[in-house]
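Single-structure report; data block below.
The values are calculated or read from the model by the stated rules, or taken from the named source; none is laboratory data. These figures come from a predicted structure and were not determined experimentally. Counting neighbours? That spans all protein chains shown, and the Cβs are built from the backbone with ideal geometry, glycine included.
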Amino acid sequence: MVESLEIVVENKFAEGKEGSLEVTQWEEAEPAKPTHANYSVEKKNSLQARYAYGFIFLLTNLMAWFVRDYGHKVLVVLRDLKACGTEGRDCFRTEGVLRVSLGCFIFFSLMFVTTFRSCKLYEACNAWHSRWWALKIVILIVSMGVPFFISLDFIRLYGEVARIGAGIFLVLQLISVIQFITWWNNYWMPDTKLKHSSFLGLLMSTIFYIASICGIVVMYLSYAPGHSCTLNIFFITWTAILLKVMMLVSLHSKVNRGLLSSGIMSSYVVFLCWSAIRSEPAIEKCSPQKTISGTGNGDWTTIFGFLIAICSIVMATFSTGIDSQSFQFCKNKVQSEDDIPYNYGFFHFTFSMGAMYFAMLFISWDLHNSTRKWSIDVGWASTWVKIVNEWFAAAIYLWTLISPVVRRAKIMDHEESVQHMDNLA
């Protein structure tokens, strides 16, 4: 009996030894995680990759403009494609912009699908986002070419969907701007605990409010010279009312957010109003841009403004894409050394929505009319989109001011009701 027990123990010991040997071999075969130096290199590659994607987005913007304005003269090869219709007319002008936009959307959507689960620098998705550029260039070329073989009905359907995507992009951009304004206000306004000086905050508040008031006056003089410009008078007057409301709410004793954030937001709202009025079709009595707009091919001011507009689209998309912190529900999460420096999925999603947004700007949100050369975002549809965006921006900002007060009031009411129930008990 004792001998049999010794045999069993020896067998178990041998099995355990073999198992531990297998575990040791498996652990030795497992690749080691990157070191601190590797993390630094990966983060650097990841941060540099942002600019490469931004450059790709800029190229697609320029390609959309080229196809719209000069594609029918230069890209004669498109006339032989069946999907482009008679003499290729379905691949130029508005339809050409939509096809280029669809190609850009396909590329960044593929990047979104393949990277949205990325969390750590040592994951394969991080390498795919930051490297493998030769393969991604091939995918980009294929993505840009495929839409020119798709039927016109599908392209027009994409145009309708692009309006929704462009609206989503405007909302994302608006949230990012408001979060930046909030951060700016918290950084510059005085803190009684830290005893920071309020001079810089008050100075910037004064500058922004003076700029806003000057903008209102200039718009009245330039775009509402007579009583017949009733629509422009309404836009400008309502903007001035929004400025006053935002200032009064931010100074209310229960809100007490100071003048800096409302001053910055006032300037932004005035800018949106000015941009909306500038997008109106040239009217002799109400638009000083008639002489410039009527030239057809555009003079140097029109061309310069067009290039500035394209750069603004790219910068707005880029800045919104890297601002994933504004859209996190849990903002107190501790950043680890091996975490990715920004959210890759959100970055590519923003660029895919930005592809739809620049399509709407190039066709002035109108799927049926062709826009003039060297023009961008001009027309009544563009005007109303910007005006609604202005009003929505003011409403969102006012809600960010009021919502903490509302939440505190609800908490106090709840505590009072609980205390009342305890007293009755």
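Criterion applied to D377, D338 was being in contact with a Ser or Thr (Cβ under 8 Å, 6 or more places away or on another chain) and at pLDDT below 90, and the one residue passing it is D377. Evaluated against (1) more than 19 Å from I313 (Cβ to Cβ); (2) out of contact with any strand residue (DSSP E or B) (no Cβ under 8 Å at 6 or more places or on another chain), K120 falls short on exactly one condition, (2). Has the range 78-86 got any residue that is surrounded by 20 or more Cβ atoms within 10 Å (Cβ to Cβ), of a type outside the set (K, R) and within 26 Å of the chain's Cα centre (by Cα)? No: the range 78-86 contains no residue that is surrounded by 20 or more Cβ atoms within 10 Å (Cβ to Cβ), of a type outside the set (K, R) and within 26 Å of the chain's Cα centre (by Cα). Applying the criterion of being modelled with pLDDT of 70 or more and basic (K, R) to the residues of the range 252-296, the residue that is nearest to the chain's Cα centre (by Cα) is R278.
Within the range 115-161, the set of residues being part of a helix (DSSP H, G or I) and in contact with a Phe, Trp or Tyr (Cβ under 6 Å, 6 or more places away or on another chain) comprises T115, H129, L140, S143.
Filtering the range 87-126 to residues that are free of Cβ contacts under 8 Å to residues at least 40 places away in the same chain and over 21 Å from G354 (Cα atoms) leaves E87, G88, R89, E123, A124.
The number of residues in the range 245-256 that are exposed (fewer than 12 other Cβ atoms within 10 Å of the Cβ) and part of a helix (DSSP H, G or I) comes to 1. For G71, the conditions (1) at negative phi; (2) touching a residue at least 60 places away in the same chain (Cβ under 8 Å) all hold with the exception of (2). Applying the set (1) touching a Lys or Arg at 6+ places or on another chain (Cβ under 9 Å); (2) in a loop (DSSP other than H, G, I, E, B); (3) modelled with pLDDT under 85; (4) over 30 Å from L121 (Cβ atoms) to V405 leaves exactly one unmet item: (2).
Restricting attention to the range 377-411 and to residues that are in contact with a Pro (Cβ under 9 Å, 6 or more places away or on another chain) and of a type outside the set (A, V, I, L, M, F, W, C), the residue that is farthest from W238 (Cα to Cα) turns out to be G379.
Does C91 meet the test of being in contact with an Asp or Glu (Cβ under 6 Å, 6 or more places away or on another chain) and under 17 Å from Y158 (Cβ atoms)? Taking the combined requirement at face value, the residue does not satisfy it. Applying a threshold of 7 Å to beta carbon distances and a minimum spacing of six or more residues, or different chains, the list of pairs starting in the range 219-233 at a residue that is farther than 9 Å from C286 by Cβ and ending at one that is crowded, with 17+ Cβ neighbours inside 10 Å reads M219/I236; M219/C273; M219/W274; M219/I277; Y220/I236; I233/A224.
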